[in-house]
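Notes for the one structure printed next.
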Amino acid sequence: MSSDSGVDWVRGVTYSVLASLIGAASKLSIRKSWLVYAELEQHTEHESRSADIDDHDRNRLHDAETSTKDDITVSPHGIISGNPFTDGNDRLLAPLEVATWPQHHSMQDSHLKNRDDGSCFFFDPIREPLSRRKSKQHNQKAISWILYASGMIGMTILNPLCCVLAMKYANPSILAPFSGLTLVWVVMLSGCYVGERPERIQKVACGLIILGQVIVAAFGDHTNRSDVTLQEVVESYKDPAFLAFIIFMATVLGFLVISIYTSSKTSLLRKLAWGSIGGTITGFQNFLKDALSLSSTKPLPSLFFLFAFLAMFTAFVGLLFLAACMKRFDATYSAAMFVASFVLSATFMSAVHYRTFQELDHVVDNIMYPIGLLILLFGAWMLVSDKKEENESDESHGSDSLLLS
């Protein structure tokens, strides 16, 4: 290896590692934005219930004052007359007693604060000044949107830019395994960044997914045909096998969407659909590859712009589904299932469209390539079947008024 090629290889790997860091940080930012938003919604709902109960208490106070005035009279000599007891022998509270009686919230809803003189008192956040509460809610909402926007920018601009720069300096077969680093960063950082520590079974499942991805990258097809003509690209899309693949994938995506809308929140099918739909859509990498193949054609054919649009469209829609999945499930599950479904979708597409299985020259390649896919599938299934009860409660926190609820 020459010194120049060695430097280029280091640059390519560096950009690939940077892309994985950006991808992990973006996914965690999107997940954090949903957690902040859910906390804000819960606080707003709690305040709304508190206001309703306060109105009820004020009505009771008004009734008590009216009843007290009707039943109790004071003589000129200051002697109280009248019956201060009801038929049920319950004492009718005086206005002062009603006003100071504990309301709907309990002491556990308050926070113990220290005064300057060393004494303590209970501070109820619901009793904060309205302007301060509104300011906090506004800040929380702004933080939620900033986190969401930064995650989307990282996934749509910064991460793809680093991937393109990495491919400029190194072979894709070398860079492919580094995409699995995204899962490593998510597992390592999700605990301190979003407060969701991965369980042991999740770590094992992520390890299997990364192992399967490395095996697929190592023993798969490493050819990179870029010298294709416009006519060859057009003919490849007329191939009956590819048309059958498109119909099959459209059926699969339709099934996943139906499962999301019709399955109960506790069903494994709904959990699987949310986790895999984003990566399945993004796996249509043929549009991007064919657009790059046609980019050297002069003048640029209209098919190039169609492929470029479809490449951006599938990537963006897949990202939206990933963001919606992170609203409902923890970052480890969402990121791992996205990577697993993406690799499977792209692998099957390449097998049909680019005949990758026919390019496997050695017997060991034909054995290890399917084994890598099976390991990846097993890791994905471990994630789907894990912690059914927790994911049911996790889903219930999200608002169903947003994306594809």
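Throughout, read-outs are computed from the coordinates displayed, never taken from laboratory work. All values reported here derive from a predicted model rather than from experimental measurement. With ideal geometry, Cβ positions are generated from the backbone for all residues, glycine too; neighbour counts draw on all protein chains shown.
For this structure, a couple of remarks:
- Alpha-carbon centroids, region 333-378 and region 229-266: separation in whole Å: 17
- Straightening the chain between LYS298 and ALA250 buys 14.0 nm, computed as 0.36 nm per residue apart minus the Cα-Cα spacing.
- Extending 7 Å from the Cα toward the beta-carbon at both ARG355 and ARG132 defines two label points whose distance is 7.3 nm.
- Pairwise FRET efficiency - VAL204 versus GLU41, Cβ, R0 = 35 Å, nearest 0.05: 0.55
- As a proxy for reagent exposure, ranking LYS27, LYS327, LYS289 by other Cβ atoms within 10 Å from fewest up yields LYS289, LYS327, LYS27.
- Stretch gain in nm, segment ALA142-VAL164, where the contour uses 0.36 nm per residue and the Cα spacing is subtracted: 4.7 nm
- This ranking places ILE246, ILE210 by how few other beta-carbon atoms lie within 10 Å of each, fewest first, which gives ILE246, ILE210.
- Fewest-first ranking of CYS163, CYS206, CYS325, using other Cβ atoms within 10 Å as the exposure measure: CYS163, CYS206, CYS325
- Point-charge dipole on Cβ atoms (K/R +1, D/E -1) for region 171-397, about Cα centre, debye to 20: 380
- Label-point separation in nm, LEU243 to VAL317, each point 7 Å along Cα→Cβ: 2.1
- Kirkwood hydrodynamic radius computed over region 235-347 comes to 15.1 Å, based on all pairs of distinct alpha carbons.
- Rg over Rh [alpha-carbon atoms, Kirkwood Rh] for region 171-397: 0.99
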